[in-house]
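Working notes, beginning with the structure itself.
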Amino acid sequence: MRTKYAAGVSLAVMAGGFAVTTVFAGEGRLALELLQGGFEAGLVGGIADWFAVSALFRHPLGLRIPHTNLIVKNKPKMINALVSALENELLNKESISGRLRKLKLIQSTGQFIVKQLAKRSSRVAVLSAAQAIVERLPLDKLAASLLQGAVGYTRQLDLKPGAEKAAETVIRERLDEKALDYALDQAIDWIAKPSTGKMLGEIAQNKLQELQVGGFMGFAVQAFAGFMNEEKMGAMLQHMLLSGVKDLTTPGSRQREAMLLELRSRLMGLAEDEQSLDRAKEWVAAKLETPQVSEFASGKALELQRKLLDWLERDKQEGGRLVVTAVRAVSERLEREEEMVARWEERLSDLVVHAIESNHFRIGLLVRDNLNKLDDKQLVDMLESKVGSDLQWIRVNGAVCGFLIGIILTLISWI
């Protein structure tokens, strides 16, 4: 506005000066004649430049003179030229991609985060934001949803391939043999206890007395029962069991190999038994659907939420020390893993560049749409507000330069 005012003043000065000097100029008044020539040329230059500047934005004095109101008339050409310049010169894909590939996005982001978290207020703000997020998380509903998802997944899961693979792994890794050895070791420890021998003797004595055998066989059984008391019978049974179990622990023994063969046969049979697998799936799904499991999951989720909030509050009171420790640990790890960071940088750059190349045309569309939304008056006002000030100086310069040139031409004419 100031430059427009100055341009108007310059034109008024030239017009007023020309009028005054024209009235008072005469023979013998060389100075007034000289000024008259300057003001005349300055007035012509000022009017010409006013016309030229005004013709860019509108019809001067409302007269539809040819080649005026140029911006409105050439709006489509101007928009196309601007979009073309943006897409092909200022913001072309190659320049953007090249610049992005030179940037170390991860390193720059990490340095920015470390710099910001050096301030206590920034750390407290991060922890407060984390608290707000955790408080708004519906963890009980999330736990219920995850539980329902687990139920559906369990019912749709095909256990047969996994069961066969698990059985093959058990056999290949000889885990069945290790499990058998563990069970046999526990059995030996149990059988060797004195209380076990006493218990076996009591059981055997009671069972012998319950036998209903007649004749010579009955006489023999009764004689044996009378000869053997509980202690002797328990010791005998204990010794027999220990001997039998120890035989099973001997590598390569026939009994051990037969038991391992049976175990492996049962294991493979179980892996191929689809009905048993279906029953197992349904049993697990039914257990997951019980109210007790749902309440347990919701309770654990809320407990986790409370613990997390307490942890965030404690760290906030301490100034975010744990945040600094975590960020420092991550930063040090990234410094050690230069190759890994370089791969991440490359992948991230590829993703960003691909996104830009895929959506580069949208830059032109966005500029075109925004400019097309402007009516003629809005477009003229926008351009005039941005470059009008500089254009008004053309009028001022035209008036001043015209004034000086007029004086020079008047002197030349005198000579």
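The values are calculated or read from the model by the stated rules, or taken from the named source; none is laboratory data. Please read all numbers here as calculations on a predicted model, not as lab measurements. When we count neighbours, we look across all protein chains shown, and the Cβ atoms used for this are built from the backbone with ideal geometry, even at glycine.
Structure values in brief
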item	result
Single condition residue 242 does not satisfy, out of (1) exposed (fewer than 14 other Cβ atoms within 10 Å of the Cβ); (2) at pLDDT below 85	(1)
Sole residue being within 24 Å of residue 279 (Cα to Cα), small (Gly, Ala, Ser) and assigned to a helix (DSSP H, G or I), chosen from 132, 167, 125	167
Count of residues meeting criterion [in a helix (DSSP H, G or I) and either in contact (Cβ under 8 Å) with a residue 40 or more places away in the chain or not aliphatic (A, V, I, L, M) (or both)] in the range 250-266	11
In the range 279-301, residue surrounded by the fewest Cβ atoms within 10 Å (Cβ to Cβ) [restricted to those that are under 30 Å from residue 124 (Cα atoms) and touching a helix residue (DSSP H, G or I) at 6+ places or on another chain (Cβ under 6 Å)]	298
Any chance residue 388 is within 20 Å of residue 47 (Cβ to Cβ), modelled with pLDDT under 70, surrounded by 14 or more Cβ atoms within 10 Å (Cβ to Cβ) and of a type outside the set (D, E, K, R)	yes
Breaking point among (1) surrounded by 14 or more Cβ atoms within 10 Å (Cβ to Cβ); (2) out of contact with any Ser or Thr (no Cβ under 9 Å at 6 or more places or on another chain), for residue 39	(2)
Within the range 287-339, tally of residues that are under 21 Å from residue 144 (Cα atoms) and among the hydroxyl-bearing types (Ser, Thr, Tyr)	3
Filter result for residue 115 (within 26 Å of the chain's Cα centre (by Cα), under 30 Å from residue 321 (Cα atoms) and loosely packed, with under 12 Cβ neighbours inside 10 Å)	yes
Single match in 260, 308 (criterion: modelled with pLDDT of 75 or more and not assigned by TED's automatic domain parsing to the domain that holds residue 166)	308
Pair list, Cβ under 8 Å, 6 or more apart: the range 165-184 residue surrounded by 12 or more Cβ atoms within 10 Å (Cβ to Cβ), other residue small (Gly, Ala, Ser)	166/271; 167/271
Residue satisfying all of: in the range 255-278; of a type in the set (Gly, Ala, Ser) and loosely packed, with under 12 Cβ neighbours inside 10 Å; nearest to the chain's Cα centre (by Cα) among these	269
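Residue by residue, here is whether (1) assigned to a helix (DSSP H, G or I); (2) modelled with pLDDT of 85 or more holds:
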position: 183; (1), (2): yes, yes
position: 213; (1), (2): no, no
position: 217; (1), (2): yes, no
position: 220; (1), (2): yes, no
position: 223; (1), (2): yes, no
position: 231; (1), (2): yes, no
position: 236; (1), (2): yes, no
